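The values are calculated or read from the model by the stated rules, or taken from the named source; none is laboratory data. The structure displayed is predicted, hence computed values, not measured ones. When we count neighbours, we look across all protein chains shown, and the Cβ atoms used for this are built from the backbone with ideal geometry, even at glycine.
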Amino acid sequence: MPVLEHAALWVDDLDAQCAFYAQHFGAQVGPLYTNPAKGFRSRFLAFEGGARLELMATSTLAPVRHDPGAQRMGLTHLAISLGSEAAVDALTSRLRLSGVSVLDGPRRTGDGYYESVVLDPEGNRLELTA
């Protein structure tokens, strides 16, 4: 049976993004991979439960920009399960106090999720779910 192995995000500041996910979500930051000929650097972040996120930076591609938190075609958010409503409430509060943009919630959605929506430092939407 197929299993989603990882998702990847282009980022401007690889170190800052890695630090954000490590600090707030307990991600284990993997070794730096570089390909100088292509102007490419990346790190894999491993989360409890086995999910992985690859953060990639480049000096050779012109980035496609979007407004922070924009709903757009293609990848629009990452959902991170925290295990309980109390954990969603607590992390949302800590993130808000540390200056992270909280767009919505915590709340119960129409489809039954308990979630809040926050932005990572580069404006990617994260759904924090119970």
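One residue is enough: does the range 58-78 have a residue meeting the conditions over 18 Å from ALA7 (Cβ atoms) and among the hydroxyl-bearing types (Ser, Thr, Tyr)?
There is at least one residue in the range 58-78 that is over 18 Å from ALA7 (Cβ atoms) and among the hydroxyl-bearing types (Ser, Thr, Tyr).
Which residues, taken from the range 106-130, are modelled with pLDDT of 95 or more and of a type in the set (Phe, Trp, Tyr)?
Residue satisfying the conditions is TYR114 alone.
Counting only residues that are under 30 Å from VAL88 (Cα atoms) and either modelled with pLDDT of 95 or more or among the basic types (Lys, Arg) (or both), give me the strands (runs of 3 or more DSSP E) lying completely in the range 1-63 with at least 2 of them.
Correct list: 40-46, 52-58.
Search the range 11-25 for residues being more than 11 Å from the chain's Cα centre (by Cα) and in contact (Cβ under 8 Å) with a residue 12 or more places away in the chain, and hand back the single one that is surrounded by the most Cβ atoms within 10 Å (Cβ to Cβ).
LEU14
Say whether the condition of being under 19 Å from ALA19 (Cα atoms), exposed (fewer than 15 other Cβ atoms within 10 Å of the Cβ) and touching a residue at least 24 places away in the same chain (Cβ under 8 Å) is met by at least one residue in the range 89-97.
Yes, that holds for at least one residue.
Please pick out the residue among GLY105, GLY123, GLY69 that is surrounded by 13 or more Cβ atoms within 10 Å (Cβ to Cβ) and in contact with a Pro (Cβ under 6 Å, 6 or more places away or on another chain). Walk me through it before giving the result.
Details: GLY105 fails: in contact with a Pro (Cβ under 6 Å, 6 or more places away or on another chain); GLY69 fails: in contact with a Pro (Cβ under 6 Å, 6 or more places away or on another chain).
Result of the check over GLY105, GLY123, GLY69: GLY123.
Are any of the residues in the range 65-74 in contact with a helix residue (DSSP H, G or I) (Cβ under 8 Å, 6 or more places away or on another chain), in contact (Cβ under 8 Å) with a residue 12 or more places away in the chain and either under 15 Å from PRO121 (Cβ atoms) or assigned to a loop (DSSP other than H, G, I, E, B) (or both)?
no
For the condition under 12 Å from the mean Cα position of the chain (by Cα) and more than 13 Å from GLU127 (Cα to Cα), what is the one hit in LEU55, LEU61, LEU32, LEU4?
Working: LEU61 fails: under 12 Å from the mean Cα position of the chain (by Cα); LEU32 fails: under 12 Å from the mean Cα position of the chain (by Cα); LEU4 fails: under 12 Å from the mean Cα position of the chain (by Cα).
Within the list LEU55, LEU61, LEU32, LEU4, the selection yields LEU55.
Which of (1) part of a helix (DSSP H, G or I); (2) over 12 Å from the mean Cα position of the chain (by Cα) is the odd one out, the single condition PRO106 does not satisfy?
Tallying (1) part of a helix (DSSP H, G or I); (2) over 12 Å from the mean Cα position of the chain (by Cα), PRO106 fails exactly one: (1).
Report, ordered by the first and then the second residue, all pairs with beta carbons closer than 8 Å, sequence separation of six or more or different chains, a first member in the range 104-126 that is on the phi < 0 side of the Ramachandran plot and among the charged types (D, E, K, R), and a second member that is crowded, with 20+ Cβ neighbours inside 10 Å and modelled with pLDDT under 95.
From the range 104-126, the pairs are GLU122/VAL11.
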